[in-house]
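**Q** One structure, as structure tokens, below. Some questions next.
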Amino acid sequence: MRYAGITYQKVTALIYRKAGRGTRIQISAELLDRNGRAVVIAPAGKIERGTNNADT
């Protein structure tokens, strides 16, 4: 997975949040860094899927 030019190890969670007063839902993903020590919350629409070879 790639977000903002950085490659992450994997998605560890999907987060669904109600946005405002309407019925709109915001979807985010929790991405684990390559060292396995930190996570980043990123908008699901901005995450790029990598190839299996690039992610290992």
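All of the numbers you see were taken from the coordinates with simple rules; none came from a lab. This structure is a prediction, so every number in the text was calculated from the model and none was measured.
**Q** Relative to the present Cα-Cα distance, how much length would full extension add between ARG24 and ALA44 at 0.36 nm per residue of separation?
**A** 5.7 nm
**Q** Please tell me the relative contact order of the chain in percent, rounded to the nearest whole number, where contacts are Cα pairs under 8 Å and at least six residues apart.
**A** Dividing the mean separation by the residue count of the chain yields 36 percent.
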